[in-house]
Each structure stands twice: as structure tokens, then as C-alpha cells.
Amino acid sequence: MKGFTRMIRVNENFLKLQAGYLFPEIGRRVAAYAAEHPRADIIRLGIGDVTEPLPPAIIDAMHRAVDEMAAAETFRGYGPEQGYEFLRRAVAEKEFGPRGVNLDADEVFISDGSKCDTGNFQEVFGLDNVVAVTDPVYPVYVDTNVMAGRTGGSENGRYGGIVYMQCTAENDFIPALPKQPVDMIYLCYPNNPTGAVATRDQLAWWVEYARSNRAIILFDAAYEAFISDPAIPHSIYEIDGAREVAVEFRSYSKTAGFTGLRCALTVVPKDLKAYKRNGEAVAVHSLWSRRHSTKFNGASYISQAAAAAMYTPEGRAQVKAVIELYMDNAAAIRRALGDLGYEVYGGVNAPYVWVKTPDGIGSWEFFDKLLHEANVVGTPGAGFGASGEGYLRLSAFNKPQRVREAMERLAKL
Ligand code: PLP
């Protein structure tokens, strides 16, 4: 290479990322086992993907949207980058309104997924902000901040510069307020992976913390539709003052079976402020709107039309029935494991059950044991962070008879 003074360089932040993202590693182990045991009937309670098809009201709306796209008079090309008004309005009025949360339709931004939104939102904040995440954590929050350059390298599974807030059975998987100052706080309730929920009081502490420290809460409510306890808030905006300090992410993926169709939303209230170095306040809403316009051309009309069908009476009833099916699975998992003497958490207001591994064995060891001896796939808790070691996540997304069979196999271990 002698003689070249210039060269294209990589973003070296990407090189800090720990190798082997959790799900590829699980995939590798399952594929290796399946190759050695081609007749094994493997039951997957690992990755959180839905198994039920889209409900009929949603499919009908999609068919209608496809027909519109086929006729010159109703064809639609590029839509508004922030989402169609019909869906933004339906979200504000029919999803948040009934919970006493008043939003303007243009505070709702439609996208093609919460993974992108939770990953992209950090872009509007300065690189010198301190990030706080729970441990265990949905890995997207961490990895996207690593890519952006907000962290140091990793050591023992933790990146320098990130504040990790331990979530254990002792604190009901709700982190204590950090002792050191933090600026960007990622919270996810109902939680992936622990299945825990935050009470009104717990969310109120966080809102108060963010208000008094001029911090921002990035609240991921991807699983709010699975809450069954009427006392648990579905939205952080049910807490007074949250509009000034919180963004909320929601997704149609698990709520209505859109993992393959793709549609999600992010709420950015107009009162939400971040600050310039000189202390001047800036509305985050206009930054996110600008970012959407520049980097995103809108979710497809067909998926937005499909999402809007969720707010019809038939759509609601059908979506509710699917959620009940998954939550019956969660209850069956909890019951079976509880009867077998396992320590189990979650699975009541969330589609994930968080199981303490028996006899103090490690997460990956327990994962391998279930795979090899019961042909059941879970997700090792350690893959979600150091505090997840000693736990395994089981997902309720599967057919009821498969869940039953998985539990029968565990009983025979
Ligand atoms: N947030 C959490 C906590 C999740 O568990 C997931 C998906 O598993 C997502 C966001 C991403 O959802 P989407 O399919 O909308 O990208």
C-alpha cells in the first residue's frame, strides 16, 4: 500500500461492538444441533417473533389498499415522511385518548419499526451525553450508541461510558435512580427480556428525575398491549410532566402481528426540550421531524392502511383475541415452571417469562441443556447483559399446543 497517503477509513466505533449478536449465536447453536439430529422436533421459544397470522380485519384493509394502488385514481406514491394523517390521528385519538393522554396527531411519527426508531433517536442528541440503560437490556439501545461513538470499548460485556442500571429480582427488575448524572435514559416497560412492568409510582420517580436533571427518557412501550393489570400505566404520558421529558416508542409488531409487515410509531411531544451548550432550549420535535424528512421516506401506504384497521371494532376484537392466546401461553409457561420448582418472573403483563436457571448454572449452559435434552430453544439471559446471567427468557409467541409440549418435555428433564 506504499505511496497512498489517503485511504477510506471505517467508523472505528463499529469495531468496538462485541462480536456475535445474541440471536445469530442462538441460530448457530440450533442449526448445529439440528444438523447433527435431523429428526429432532425443535420447539422455539427463543426469538420474540409472533406465530399467529395477521387478523382478518387487517388483511381486508391491506387488500383494499392494494386495490387502491392498482387504480390510477387512487394510486399513491410517496406519502408524508412522518406518516399519513389518517393513522397519526387514529393513534392520537383511539390509542392514547382513551388513556387520558392528549396528543396532537402531528406529535405521532409513523415508521417501519421500533427497532429503527429506538436505534435512530439518539442521533438528535449530542455525543457527549451520558447514556443510561437497564441491565439486562434490549441490545439495540446500547449498540446504536456504541456505533454513534458515545461509549468506550467493551470489557466483560460492558461498554465504557454507559451507566448500567442493574435490574434483579431484588428490585423487581425496576432500576434504582442513578447516583451519577445521566442524560439519555432508556426504559422499556413491559420489559423485554424480564417481563417486568413499572407501576405508576415507579414511572413518576423517573419522570421527576428527568425533570430535575434536564434528562430525557426514551420509553419503549413495544409491549404495552400485553398489560392486563388495570393499575399499570400503558404510556409514560399517563404520568404528569412526562410530556416535557419523554419520547415513547410503540410498535404494531407484537401488538398486531406486524413483524413481517412493518409499522410502528414514536411520540415526540412538542413540549419536549433538549439544550444547546449555552443552555438554550430546543424542541426535539422539530429535530426528529427534520431527521425523518431527510432520512426516511415514510412507511408504505399499505402497512399504514393495515395499521389503521387495528382501531376498527373488528380489528380491536381480533387483535385482542391473538394477544389473549399468547398470554394464555405465558400463563401456561409460568404455571408449568412454577410447578417444577423454578423461580419465574414476568409473563403476567408481558409475553416473556424470565426463568432463574436451576442450581446456579449459567445461562448458556441452561440454554444448551434445554436444546439438547428437551429440544426447546430459549434465549440465554446473559445475552441481554451481565445481570441477565443466571436467567433464561422464554417467549410466549408460539402455538398453544407447542408450548404445552415444550412444558411436558421440561417436566421430564
Ligand atoms: N423494542 C423492543 C423492546 C423489542 O423487543 C422489539 C422487538 O423485539 C422492538 C422494539 C422492535 O420492534 P419492531 O419490530 O417494531 O422493529
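The values are calculated or read from the model by the stated rules, or taken from the named source; none is laboratory data. Everything numeric in this text was worked out from a predicted model, so none of it was measured. All Cβ positions, glycine included, derive from the backbone under ideal geometry; neighbour counts span all protein chains shown. Ligands, DNA and RNA are excluded from the accessible area calculation, which covers all protein heavy atoms including side chains. Shrake-Rupley method; radii C 1.70, N 1.55, O 1.52, S 1.80 Å.
Descriptive notes on the structure:
- Residues (within 16 Å of the ligand (Cβ to nearest atom), assigned to a loop (DSSP other than H, G, I, E, B) and in contact with a strand residue (DSSP E or B) (Cβ under 7 Å, 6 or more places away or on another chain)) located in the range 213-233: A221, A222
To keep it simple, each residue is scored yes or no on (1) more than 30 Å from T255 (Cβ to Cβ); (2) touching a residue at least 60 places away in the same chain (Cβ under 8 Å); (3) part of a helix (DSSP H, G or I); (4) in contact with a strand residue (DSSP E or B) (Cβ under 6 Å, 6 or more places away or on another chain).
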residue	(1), (2), (3), (4)
T51	no, yes, no, no
A61	no, yes, yes, no
G77	no, no, no, no
R89	no, no, yes, no
F96	no, yes, yes, no
D117	no, yes, yes, yes
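- Selection from the range 346-398 of residues that are among the aromatic types (F, W, Y) and crowded, with 23+ Cβ neighbours inside 10 Å: Y352, W354, F367, F384, Y391, F397
- Taking the range 249-264 as the range and being of a type in the set (A, V, I, L, M, F, W, C), more than 18 Å from H63 (Cα to Cα) and over 10 Å from the mean Cα position of the chain (by Cα) as the test, only A264 passes.
- When every residue of the range 64-79 is checked against the conditions, none turns out to be open to solvent by less than 40 Å² (accessible area, probe 1.4 Å) and under 23 Å from the mean Cα position of the chain (by Cα).
- Single match in P38, P56, P24 (criterion: open to solvent by 60 Å² or more (accessible area, probe 1.4 Å) and within 16 Å of the ligand (Cβ to nearest atom)): P24
- Complete set of residues in the range 260-289 that are within 16 Å of the ligand (Cβ to nearest atom) and surrounded by fewer than 16 Cβ atoms within 10 Å (Cβ to Cβ): G260
- Per-region count, the range 335-353, residues under 18 Å from the mean Cα position of the chain (by Cα) and in a loop (DSSP other than H, G, I, E, B): 5
- Members of the range 365-395 found to be assigned to a helix (DSSP H, G or I) and within 26 Å of F226 (Cα to Cα), listed by number: F367, G381, A382, G383, F384, S387, G388
- Of the residues making up the range 103-146, those that are among the small types (G, A, S) and more than 25 Å from K179 (Cα to Cα) are A105, S111, G113, S114, G119.
- Selected residue (only one of G119, G126 is open to solvent by 30 Å² or more (accessible area, probe 1.4 Å), within 17 Å of V247 (Cα to Cα) and modelled with pLDDT of 95 or more): G126
- Matching option when the condition is away from the ligand (no atom under 15 Å from the Cβ), in a strand (DSSP E or B) and closer than 30 Å to G279 by Cβ, among A132, A210: A132
- When the range 234-249 is limited to residues that are open to solvent by less than 10 Å² (accessible area, probe 1.4 Å) and under 28 Å from S303 (Cα atoms), the one that is nearest to the ligand (Cβ to nearest atom) turns out to be F249.
- Those residues of the range 141-189 which are over 17 Å from A382 (Cβ atoms), at pLDDT below 95 and among the hydroxyl-bearing types (S, T, Y), in sequence order: none
- Checked against (1) open to solvent by 10 Å² or more (accessible area, probe 1.4 Å); (2) in contact (Cβ under 8 Å) with a residue 24 or more places away in the chain; (3) away from the ligand (no atom under 16 Å from the Cβ); (4) assigned to a helix (DSSP H, G or I), G315 meets all criteria but (1).
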